[in-house]
Amino acid sequence: MKGWLSRLLAVTSLATCIAAFAAPAYAEKRVALVVGNNDYRNVPKLQKAVNDARTMGDTLKQLGFTVMVAENQNRQAFSQTLLAFDKAVDAGDTAFFFYAGHGFEIAGQNFLLPTDVPAATEGQEELVRDASVLADRIIERLQNRKVRTAILVFDACRNNPFERAGTRAVAGGGGLAPMTQLPEGVFSIFSAGPRQTALDRLSNDDANPNSVFTRTFAKELTQPGANLVQVAQRTRRQVSELAETVRHKQIPVYFDQMVDDVFLNGLAKSQPESAAKPAEALPKLAALPPVQQLKPQNDSVNAPIAMFSRHNGGWTVVFSIADPTLGISWRLGDTGNFRETGFMDTLDPRTRKRMPNPSVELPADAPAAIIQVRYVDTNGELQGPFPIRFDPEAALIRDQRKILDMTATSWLSFREFNGLLVYYTHLMSYRCAIREVRVGIDSTVPDKVLKMPPCDPRDPSVIPHDATPYLKLAPQTRSVSVELTYRDGSVSEIKSFRR
């Protein structure tokens, strides 16, 4: 390699304005880094990763991104490339990271493998960690740069690159682990689900220069009026159907922690024509949805965020405010009086005063609304009001999904009562976040669908009296595996439960 800079191309002009109806405080530019690694020295080489990166680079240029293309990166070059990416993005930007190459999961952490990664064997996991790039670190770096939106795409779900005949492979898995605990403002998509491998081609006669995932995803990105979730859903469906033609299972998964819809190629088709006219001169630029007009009265970068949790009595809303505060008040909608949240019996060490209560309660049947929040800073000045969108359905799904991720060891439980039973009461209690539950009896492949009652938003955790929250098993059953498909279409890891 003649130096990483010769491989790094910064092209196209910056997208310096967004659609006219978006709030000025959210003006952004778009920056992308695409990485393709083919020429591995110590593990199997790949054929299409570089082509995939080039195709994604060309696609993102069409969408108004400043694109940096990096090919066949060794560890040092990869680090330098990421530093250049850091410098290219600023607060409020949209950042897009695409990686095609070998990826490897160790103990739930995802590592992107540079071309000089060593050929590790059993017990040498540390060599892989030290020689690779931690995917979570890329997210952390973008957060430190305060980007508004971070989109991460991984076409790296290939076979274990460390498998060798006659040796025991390093402990881990080919491909990458699901990123279920993403911070707000991050969207990620993987070319295949857990324990699935991504196809480079459909047959020996498949002359397409790109992998099955990238050829599909790149095409869907350019469809006008589609938001990121729609792009991911269409990609997943098409890739799955293509893989089925050769009797292969490949279902891309995505994880969405966006606070709003993001359209990379023009307005949503449902937007009124009058809203699109100011953006006609720049049809490839971002079009944020109308909710973004609800901007705060000032441009504080420390606008509050909120976490919603559902319980039997209704909703608890917890506000997070970066600034030290002397008081917090709120109201629903744009009219009416603000209500103080009160104070806790705790001193805030930053202000040496009583800490404002950061939470409020909403009734169980509270409709979708905008919560206006304001606070008093340490100078005694009132900041805000800041708008926070409350969507009960989305909040319920997100809250229950988070609980399921944190309590995976409780999904199933065995009990012997007039025979052997396996209970899935826990899954029923949080069924509003689940589209489908599959289990495998004495098998690591879940192939049986469990019947779940419909979600009742009025009382989501209650199990109906006529529901049967258990399965009867044969006495000799030793284990049950379970896989969840969540409401957003993403798929959990397969969990195994032994008696």
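The values are calculated or read from the model by the stated rules, or taken from the named source; none is laboratory data. None of the values given here were measured: they were computed from a predicted structure. No Cβ is skipped: glycine too gets one built from the backbone with ideal geometry, and neighbour counts run over all protein chains shown. Quick note on the areas: whole protein, heavy atoms, side chains included, nothing else; ligands and nucleic acids left out. Shrake-Rupley method; radii C 1.70, N 1.55, O 1.52, S 1.80 Å.
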* What FRET efficiency would be calculated for the residue pair Asn337, Met406, taking the C-beta separation as r and a Förster radius of 51 Å, to the nearest 0.05? -> 0.85
* Asked: How much accessible surface area, in Å² rounded to 10, belongs to the heavy atoms of Asp205 with a 1.4 Å probe?
  -> 140
* Can you pull the one-decimal nm distance between simple spin-label points at Arg41 and Asn357, each 7 Å off the Cα toward Cβ? => 6.3
* Can you tell me how much longer the chain between Asn312 and Ser479 gets when fully stretched, taken as 0.36 nm per residue apart minus their C-alpha distance, in nm with one decimal? => 56.8 nm
* To do: State whether region 41-152 is rounded, prolate or oblate according to the following rule on the C-alpha gyration tensor (a ≥ b ≥ c being the square roots of its eigenvalues): a/c under 1.5 gives rounded; otherwise a/b larger than b/c gives prolate, and the remaining case gives oblate.
  => oblate
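So what is the diffusion coefficient of region 355-410 in µm² per second by Stokes-Einstein at 20 °C and 1.002 mPa s, using a Kirkwood Rh over Cα pairs?
Details: Rh = 14.0 Å.
The estimated diffusion coefficient comes to 153 µm²/s.
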* Asked: Relative contact order for region 44-142: what is it in percent, counting Cα pairs under 8 Å that are at least 6 residues apart?
  -> 26
* Structure fact -> Order by accessible surface, 1.4 Å probe, largest leading, for residues Val246, Val360, Val229 comes to Val246, Val229, Val360
* First check a/c for region 314-396, with a ≥ b ≥ c the square roots of the eigenvalues of its C-alpha gyration tensor; if it is under 1.5, answer rounded, and if not, answer prolate when a/b is larger than b/c or oblate otherwise. => prolate
* Structure fact -> Rounded to a whole %, the carbon-and-sulfur portion of the accessible area of region 42-107 at a 1.4 Å probe is 47
* To do: About the Cα centre of region 372-413, how large is the charge dipole given +1 on each Lys and Arg Cβ and -1 on each Asp and Glu Cβ? Please answer in debye to the nearest 20.
  => 120
* **In Å², nearest 10: area of Ile403 left accessible to a 1.4 Å probe** => 40
* Chain lengthening between Arg75 and Gln143 when straightened (0.36 nm per residue, less Cα-Cα) -> 22.3 nm
* **Contour minus Cα-Cα distance for Ala467 and Arg234 (0.36 nm per residue)** => 80.5 nm
* Along the charge dipole of region 408-453, Cβ charges K/R +1 and D/E -1, which of Ser443, Cys432, Leu420 sits furthest on the positive end? -> Cys432
* Asked: Counting only the heavy atoms of the protein chains, how much of Met355 is accessible to a 1.4 Å probe, in Å² to the nearest 10?
  -> 60
